[in-house]
Amino acid sequence: MAQASEKAGGPVELMRDLGIAKFTKVPDEITNWIEEQRSWRESVALADQSYHMTDHYVEGPDALDLYRDYAVNSFENTEPGKAKQLVVANPNGKFIGDAIWFHLEEDKFLSVGGAAAHNWLQYQAETGDYDVEAEMQPRPVTMDEDPTYYRYQVQGPNAYDLMEEVADEPLPDLGFFNHTTISIQGHDVNILRHGMAGEAGYEFWGPYGEGEEIKEIFMSAGEEYDIRHLGAESYQTPNAILGWIPIVVPAIWDEGMEDYLEWLDVGDGLLSIGGSFESDDITDYYFTPTELGYGHIINFDHDFCGSEALEAEAGDPDRKKVTLVWDDDDVIDVFASLFSEGPTKKFMRFPHPRASACHYDQVLDESGERVGFSTDKSYIYNQREFLSLGVVDSEYAEPGTEVTVLWGEPEDNDNDRVERHEMAEITATVAPAPYTEDSR
């Protein structure tokens, strides 16, 4: 990665305007994205998560020491059957990545999520003084072979009833983010009490070869609940109301990271950057875990990578995560430009406009000064609103504050997924993140 970055003229030049790689093998729509969005609010939705995330396995007597040294979380009360959102930072307290972490057995662990966190942990496992075995499975969509596991999720007001119907025995009373194994028509299935879009649900997984049969069991039993299989587009949209920013530029081009960049293969660490914000300084794209809303899981009961910087920030971050509610008329004007003479605005592909992996649109105050960034965004039919997740200066994070999102790309962009257009200023109102009441 270090050599590729140097050859390109810097990490921003390396990653700017690359477009996006294939997200998953699941079609964009299974039925209709509006009906698919409605299902998680009105009935039950099934999501196929088998193809777009990396898996990281760590096993050995020093496994927990590895996590304690490189994750912001506390691991004092963990035991098999527990899960948590794992967050890792660099030595300067800047965010690298996150994943869902499972305590499987006494010294055996699995985390599932984006590659950035797993690459960093794999590097530490290979180069550090830890008695562990660590292995990373890349995103299955990029592999020429099947993944190890199928991974599905059901969510919505009828998710529990559906899960209870397909299970061979009464469901265990799992607390949120706990996991166990149950039997479904004779198959051992691992289940995690979880949910997306603020609705109750379960994530569940097992051997990939059993996946189609398990999916059919759920789809057949779910007919009475009007189950919908989420396509790739609708699957990505609940982030906007859940308040989870799925991907930002990982803080790996930073002081103290030189050896890691030499170790990291460019194919494993490459992401694309897009949006109206543009800077030659890669550190301008960094956030801290606190700014991304992870302050509640950072625990200073132990020293970990980045703990000193994060403790200095605790309780008084410079920026905060918010929801941005885009003005209806301004969004409509973007589409209206397609029916007028002259330049058009950057097209919004509903429901999840995305032309790069890491999207950074400028958020401006009333004087036109940049006060933050708008990141992941979606139209949500259930709210009849266009929402994005932002990170803004703390003084602009009060709900009800009006800001402006600069929608578009610089004139010199080379992203083939972006047509010629002019910038659009879209009024947005700051709201809390998560945007809706959490019913998980």
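The values are calculated or read from the model by the stated rules, or taken from the named source; none is laboratory data. Computed from a predicted structure; not experimentally measured. Note: ideal-geometry Cβ built from the backbone for every residue, glycine included; neighbour counts use all protein chains shown. We work out accessible area using only protein heavy atoms, side chains counted, and drop any ligands, DNA or RNA first. Shrake-Rupley method; radii C 1.70, N 1.55, O 1.52, S 1.80 Å.
Checking the conditions here, which among I241, I252, I214, I245 is over 30 Å from V88 (Cα atoms) and buried (at least 20 other Cβ atoms within 10 Å of the Cβ)?
Only one candidate passes the filter, namely I214.
For a quick check of your reading of the model, give me the residue pairs whose first member lies in segment 59-81 and is more than 14 Å from E106 (Cβ to Cβ), whose second is polar (S, T, N, Q), with beta-carbon atoms closer than 6 Å and at least 6 apart or on different chains.
Within 6 Å, the pairs are Y70/Q124; S74/N299.
Go through (1) in a loop (DSSP other than H, G, I, E, B); (2) under 23 Å from Y150 (Cα atoms) one by one and return the number of the condition P61 breaks.
(2)
Going by what's in this entry, would I282 be described as touching a residue at least 12 places away in the same chain (Cβ under 8 Å), in contact with a helix residue (DSSP H, G or I) (Cβ under 7 Å, 6 or more places away or on another chain), of a type in the set (A, V, I, L, M, F, W, C) and surrounded by 13 or more Cβ atoms within 10 Å (Cβ to Cβ)?
yes
Select, from G175, G195, G201, the only residue that is under 26 Å from the mean Cα position of the chain (by Cα), farther than 24 Å from V26 by Cβ and modelled with pLDDT under 95.
G175
Among (1) open to solvent by 50 Å² or more (accessible area, probe 1.4 Å); (2) assigned to a helix (DSSP H, G or I), where does P27 come up short?
Failed condition: (2).
Is it the case that segment 93-102 has a residue that's without any contact (Cβ under 8 Å) to a residue 12 or more places away in the chain, touching a Lys or Arg at 6+ places or on another chain (Cβ under 6 Å), closer than 27 Å to I297 by Cα and among the hydrophobic types (A, V, I, L, M, F, W, C)?
Within segment 93-102, not a single residue is without any contact (Cβ under 8 Å) to a residue 12 or more places away in the chain, touching a Lys or Arg at 6+ places or on another chain (Cβ under 6 Å), closer than 27 Å to I297 by Cα and among the hydrophobic types (A, V, I, L, M, F, W, C).
Could you grab the pairs with beta carbons closer than 7 Å, sequence gap of 6+ or different chains, first residue in segment 236-263 and in contact (Cβ under 8 Å) with a residue 40 or more places away in the chain and at positive phi, second one of a type in the set (A, V, I, L, M) and open to solvent by less than 10 Å² (accessible area, probe 1.4 Å)?
What qualifies is G243/L389.
Taking segment 163-176 on its own, how many of its residues are under 26 Å from L242 (Cα atoms) and open to solvent by less than 30 Å² (accessible area, probe 1.4 Å)?
Result for segment 163-176: 2.
Could you please find all residues in segment 228-238 being among the aliphatic types (A, V, I, L, M) and either open to solvent by 20 Å² or more (accessible area, probe 1.4 Å) or more than 17 Å from G156 (Cβ to Cβ) (or both)?
A232
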